[in-house]
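Take a look at the structure set out below.
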Amino acid sequence: MREASRVSEFEAVLFDAGDTLIRLTGSGERLLHRAAAELGAGPLDPDEVAEVWRRVLDRSGTAEELAKGRDLSNSRHREVWVALYEAAGCEGLAPGLSGALYELTVSAESWEAFPDTLPTLKALHDRGLRVGVVSDTGFDLRPAMDKLGLSPFLDTVVMSFEYGVCKPATSVFITACDQLQVDPARTLMVGDNPLTDSGAVAAGMYVFLLPRPARTGPRGLSHILSLI
C-alpha cells in the first residue's frame, strides 16, 4: 500500500519516442518501394525487397551495429545507416537506393503517432504533469512531433545526438528531469527497450516497459494514466 501511494504521486512522465509514441508509417518493404519510386526506378521484385528488408532488420539490432555510435551525431547516423542499407543489398535493387531510403526514414512525413499517443499526452497535460521525451536518435525528431501535433504537450525533448550520450546512461534521464525541474524519484519513464530505457532506474526513476507494438491499434499508453 505504501508503494501504491508513492507511485500515485508522479509529477512528470518521460517517454521514449520511436516505437513508443511514434513509428515509421507502413512496413519497411513499403518504404523501399517508395524510395525506389522517388529515384525513378522501375517496379521492384517484392520477394527481393522482402529479403533485403529482412537483412536490414537482422543487422540493425546487433551489438556490432549499436557499437558504431550511430545515434551520437547527425553525420554518424547517416553514415552508419547508409552503410547498413548498402550491406543489406539495397544497391542491388536500384543504384542510389541506400541514400534515398535514409532520406525517407528521417523525413517528418514518414512518421505517424500511435492512436493513443495524443490522447495520453493531452490527459497528462490536463492533469498538470510535466511531460518529456528522452530518445536515442541521430536526427531531429521535433519536425515529426510538430507535424503530428505532439509538441504542444511536451515540456522538454532530450535527444542523444544533441548531448553526445545514449541511454542507458543516467545522465540523459537526469538532464530531462533537470529541464523539467522535477525529482527523478517522482518521475516515470515509459519505453519499450529493457536494455536502454531501464537505465532510468539507476537514475532513481520508476520505469514502465511496453511490449512490442502491434501492427495496428493503440500502443497501450492509456495504462500509464492508471498510475498517475
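The values are calculated or read from the model by the stated rules, or taken from the named source; none is laboratory data. Because the structure is predicted, anything quoted here is derived from the model rather than measured. Note: ideal-geometry Cβ built from the backbone for every residue, glycine included; neighbour counts use all protein chains shown. All accessible areas refer to the heavy atoms of the entire protein, side chains included, with ligands and DNA or RNA removed. Shrake-Rupley method; radii C 1.70, N 1.55, O 1.52, S 1.80 Å.
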ask   = Can you tell me which residue in the stretch 14-33 is nearest to ALA203 (Cα to Cα), limited to those that are of a type in the set (A, V, I, L, M, F, W, C) and open to solvent by less than 40 Å² (accessible area, probe 1.4 Å)?
value = LEU14
ask   = Would you call VAL201 open to solvent by less than 80 Å² (accessible area, probe 1.4 Å) and either closer than 21 Å to CYS166 by Cα or modelled with pLDDT of 95 or more (or both)?
value = no
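Among the candidates ASP146, ASP126, ASP140, which residue alone is open to solvent by 20 Å² or more (accessible area, probe 1.4 Å), touching an Asp or Glu at 6+ places or on another chain (Cβ under 9 Å) and either touching a residue at least 12 places away in the same chain (Cβ under 8 Å) or acidic (Asp, Glu) (or both)?
Just one listed residue meets the conditions, ASP140.
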Test: residue in the stretch 171-194 that is aromatic (Phe, Trp, Tyr), farther than 17 Å from LEU21 by Cβ and either more than 16 Å from the chain's Cα centre (by Cα) or crowded, with 21+ Cβ neighbours inside 10 Å (or both) = no
Subset of the stretch 186-204 [in a loop (DSSP other than H, G, I, E, B) and of a type in the set (Gly, Ala, Ser)] = SER198, ALA203, GLY204
key: Residue in the stretch 21-36 that is among the acidic types (Asp, Glu) and closer than 28 Å to PHE153 by Cβ present   = no
The stretch 52-68, residues that are free of Cβ contacts under 8 Å to residues at least 12 places away in the same chain and in a loop (DSSP other than H, G, I, E, B) = GLY61, THR62, ALA67
message = Considering only residues that are part of a helix (DSSP H, G or I), in contact (Cβ under 8 Å) with a residue 24 or more places away in the chain and surrounded by 14 or more Cβ atoms within 10 Å (Cβ to Cβ), which ones fall in the stretch 88-102?
response = ALA88, CYS90, LEU93, LEU97, ALA100, LEU101, TYR102
request  = Select from the stretch 205-227 the residues that are open to solvent by 40 Å² or more (accessible area, probe 1.4 Å) and part of a loop (DSSP other than H, G, I, E, B) and list them in ascending order.
outcome  = PRO211, ARG212, PRO213, ALA214, ARG215, THR216, PRO218, SER226, LEU227
ask   = Within the stretch 108-123, can one find any residue that is open to solvent by 40 Å² or more (accessible area, probe 1.4 Å) and closer than 27 Å to ALA36 by Cα?
value = yes
query = Considering only the stretch 161-185, how many residues are in contact with a strand residue (DSSP E or B) (Cβ under 7 Å, 6 or more places away or on another chain), in a helix (DSSP H, G or I) and touching a residue at least 60 places away in the same chain (Cβ under 8 Å)?
reply = 4
